[in-house]
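Quick notes on the structure that follows.
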Amino acid sequence: MTNLLSNFCLASAAPGAATLSPILLGPSEAQLILALPIIGLLFCTLCAIFRVKSKAPAFFTVACLAGAFALVVRLYLNKTGTPVITSGFEWFFLEWGDGKGQRLVANFSLYLDSLTILWMLFVTGLATLIALYASEYMAGDLGTGYCRFFAAFNLFVFSMSCLVMGDNLLLLFLGWEGVGLCSYLLIGYFYKKPSAVEAAKKAFIMNRIGDLGLLMGIGLTFVHFGSIEYRDIFHAAQPYIEAAKAGKYNEIPFLVQLIPVLLAIGAFGKSAQIPLYVWLPDAMEGPTPVSALIHAATMVTAGVYLVARMYPLFLLSEYALPLVAWVGALTALLAATIGMAQFDIKRIMAYSTVSQLGYMFAGLGGLSSTGAAFHVVTHAFFKALLFLACGAIMHGFAGQLDLRKLSGIRRLKGWGIVSFGMLVGCLNLSGFPFTSGFFSKDMLIGSEFLTPGMAPIGWILLFTAGLTAYYTFRVFFRVIVGPLHYEPGDELHSAHDEHGHGGENHNEHAHVQDDHQHHDHGHGGHFHPHAPGWAINTVLLTLSVLSLSASALNFLHLPNQPHIEGGIVPELVMESSAAYESPYARHEAHEGTGDGGHEGPDAHGTPSYVPTAIALDDPHAHAGTFLGWNPHAVMFYVSGAVGFIGIFVAFVLHYVGRTTAATAKADALLPMLGPIPGWAQHKWYVDEFYKYSIYWPLIILANLCNLFDKLIIDGIVRLFGAIPRWIGNTIRPTQSGELHGYAAGMAAGVAVLLFIVFILTLR
Amino acid sequence: MTTEFTATLAQAGYPAAFQSITLAHYLFISGAMFSLGLIGFLTRRNLIIMFLCTELMFQAAGLALVAFSRFHMNMTGQSFVIFIVTVAAAEAAMALALVVLLFRRRESLDAEEWSELKG
């Protein structure tokens, strides 16, 4: 393992920000990005107090977030490639000595490098669009519920901005906990629904486990580097990075190597990786815009952000990145297999989110921070699109999400844009050629094959890509196309249905089920699915266009920006602390162009100011291949083919010859697989495993502790109480109420006293 | 000391028979009165009698004080006894009133009747 890794890691790694000293500035308009969601939050709170019953909170939120997005775009256009720290106000300052590591400084300052800007671009951009979508989606809850939703929404954007823009780990932690809180609040939005409350608690508690790792990681960082500000950490880590580059891991203290592992545990919690992934599918109990924004596009990528931001530290341990890669790959596979067997379309999307997050971690672990960041961006667009399309369906069909009860909804009037959005999202997710998901996934998988020792992960991811294509198009072929059939759900939304059919749904439910006259609108006479309005359609259309065009981010450049080979996303990543040029990629590039030798960084098209451009230290490091070919070159064809196969299988099993909504050809094939589909449908019994291996032992332990507390601790306390009571009980009979008794007692006392005096005077 | 005391009595013009009365006599009387009072208090159940017995013990103490006061030729003890007598008068009035009230409640003067007042 060690041999492999010293060969594998860090032959030419250097963190971007480590050698660049950041520019220090006073407060700037970047602070306004944080202020705008807070203004929105205050407005929504005021609306809630005055019981405003209009869409004002939604549109105010949209305006605030759009303003924040505009500021981020301005930040992007004005960036110079050097990290900028704009100081806000002093937040934490503890000093208990003069020495190194005896001063804890955490200011409310922003660290604006290109990684921050990349994340903020899609966080604020998507938040704006999804707030617009939610203005219509949540309209059934107009009133305080509506205000509550948008207040939490604003608070989420604020927390996420803190997480991404903070210049120290404590501010990141503040944002980290803030997004966790907002996630809790919004999953539990329907707080009268027990399952939603359960899911909210589960998400919160699962995240606490990861947060413990993160907190310990931050503590160790402070202990070892004497600071929690990024710029100081990167500076202080420089000697270790030199050691790691030379493969001398034994010169790096064990506790320093532990930091990235602990940080990774935090990231696994937030980004729903094994073993802490089980909360994310349950989080789908929240309203769909929340699922789209928080649990698909932005919050769950916070873990990826953490790893990317602290990439220099991850390079310090020979085990951290392989750990991240393997956990990511296994999560991707596991979640995809579960997703294949689910029937709730929103759950399928949730498992695909877990799976795609696994891809991102595998990408980070496989030395492709660019690929991971690119996949984060493309995934944010297409997964938000998919969720919002599912949400539109859920909204229109009174909460129906079962793909066995919906079919061919593209035939309905007014559902064209939803169907189109679903198609675009599915194509992206399954990696259909020339969609953005295709490019980002290729970049990831190619890097896995390129990096020696990571080929098994590459194969897992490739296989998972096929599964992804299958389960994605399973949804598409079942729900969007095929014969028309629908049954209303019976969820909360139906109660607020604008058209006033909500009340009828429950009554009609049973007899619609028997009705297989799909083209007859007779059964629809009782239940009209209501088509999405302008807000939902606008957002879906915008996201469809964005998802399709996001691949351009990998090729295009804006004018006036430094030109790095690759495009906007690689440029942003390569200027940041996540910058990492895989030595094998350069090796491959040289072999590819046939010049064989290495000529230094500029030959690769990397601008000289990017400090990653360090020559390959180990000229014998051999890039891996994909069955003998150059991975990046052939991966286009291979993963395209895999995606096609997945889609084709779904087409045959779920579209061809399907006449009812409830069954398809696939159902006939299921018995051949024995009990496996059932296991997958039950999520491989992971929840049950956790229940019996963690939950019940904890309950038993808690009861034992309770018993100890009751018997031993309380026993001692009670003993001290019992002694005076016993004495009192013994003496009490003397207080008989007999006057003579008291008098006799007094007389006896006097007699005793006299006797004592008598004895004493005898001497 | 005793001779001094009797001499003082003689000077004050007391009859000769008195001159043989010493402090011990007074203290003996005082002790006897106290004991009688105590015995009476412990043996009788009539509230009025018991109250009278306490008065007896009270006055026994007063007597001892007066005797000592005269013995030491110091007026403090005697002035103290004047206070005691005053207080005893007031206390007697109150105690008898209480006894009357208690009697009205139970139609009896038996102290045992009130034993449920235990703490």
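The values are calculated or read from the model by the stated rules, or taken from the named source; none is laboratory data. Note that the coordinates shown come from a computational prediction; the quantities given were computed from them, not determined experimentally. Note that we place each Cβ from the backbone using ideal geometry, even for glycine, and neighbour counts take in every protein chain shown.
Numbers at a glance
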quantity	calculated
Residue that is farthest from the chain's Cα centre (by Cα), among those in segment A:160-210 that are of a type in the set (Val, Ile, Thr) and within 17 Å of A:Pro287 (Cβ to Cβ)	A:Val197
Residues satisfying the stated conditions in segment A:639-664, i.e. within 19 Å of A:Cys426 (Cα to Cα), aliphatic (A, V, I, L, M) and in contact (Cβ under 8 Å) with a residue 60 or more places away in the chain	A:Val642, A:Ile645, A:Ile647, A:Val649, A:Ala650, A:Leu653
Residues of segment A:176-198 that turn out to be part of a helix (DSSP H, G or I) and in contact (Cβ under 8 Å) with a residue 40 or more places away in the chain, as a count	10
Evaluation of A:Phe89 against (1) surrounded by 16 or more Cβ atoms within 10 Å (Cβ to Cβ); (2) under 20 Å from A:Gly26 (Cβ atoms); (3) at pLDDT below 90; (4) not small (Gly, Ala, Ser) (one fails), failing number	(1)
Residue list for segment A:662-678, restricted to those being over 11 Å from A:Arg478 (Cβ atoms) and hydrophobic (A, V, I, L, M, F, W, C)	A:Ala668, A:Leu669, A:Leu670, A:Met672, A:Leu673, A:Ile676
Strands (runs of 3 or more DSSP E) wholly inside segment A:28-117 containing at least 2 residues that are aromatic (Phe, Trp, Tyr)	A:92-95
Residue, surrounded by the most Cβ atoms within 10 Å (Cβ to Cβ), within segment B:99-119, restricted to residues that are touching a residue at least 12 places away in the same chain (Cβ under 8 Å) and acidic (Asp, Glu)	B:Asp110
Single condition A:Ala58 does not satisfy, out of (1) touching a residue at least 24 places away in the same chain (Cβ under 8 Å); (2) surrounded by fewer than 18 Cβ atoms within 10 Å (Cβ to Cβ)	(2)
Residue within segment B:83-98 that is part of a helix (DSSP H, G or I), free of Cβ contacts under 8 Å to residues at least 60 places away in the same chain, within 14 Å of chain A (Cβ to nearest Cβ) and surrounded by 11 or more Cβ atoms within 10 Å (Cβ to Cβ) present	yes
Every residue from segment A:702-749 that is more than 14 Å from chain B (Cβ to nearest Cβ) and either among the basic types (Lys, Arg) or in contact with a helix residue (DSSP H, G or I) (Cβ under 9 Å, 6 or more places away or on another chain) (or both)	A:Lys710, A:Arg718, A:Arg725
Of residues in segment B:100-117 being of a type outside the set (Ser, Thr, Tyr) and part of a loop (DSSP other than H, G, I, E, B), the one nearest to the other protein chains (Cβ to nearest Cβ)	B:Leu109
Residues (part of a loop (DSSP other than H, G, I, E, B) and in contact with a strand residue (DSSP E or B) (Cβ under 6 Å, 6 or more places away or on another chain)) located in segment A:401-432	A:Leu401
Candidates B:Phe58, B:Phe34, B:Phe68 - the one that is modelled with pLDDT of 90 or more and within 13 Å of chain A (Cβ to nearest Cβ)	B:Phe34
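A quick yes/no check of all residues on (1) free of Cβ contacts under 8 Å to residues at least 12 places away in the same chain; (2) in contact with a Phe, Trp or Tyr (Cβ under 7 Å, 6 or more places away or on another chain); (3) of a type in the set (Ser, Thr, Tyr); (4) not in a helix (DSSP H, G or I):
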site: A:Gly213; (1), (2), (3), (4): no, no, no, no
site: A:Ile218; (1), (2), (3), (4): no, yes, no, no
site: A:Phe222; (1), (2), (3), (4): no, no, no, no
site: A:Ser227; (1), (2), (3), (4): no, no, yes, yes
site: A:Phe234; (1), (2), (3), (4): no, no, no, no
site: A:Glu242; (1), (2), (3), (4): yes, no, no, no
site: A:Leu255; (1), (2), (3), (4): no, no, no, no
site: A:Pro260; (1), (2), (3), (4): no, yes, no, no
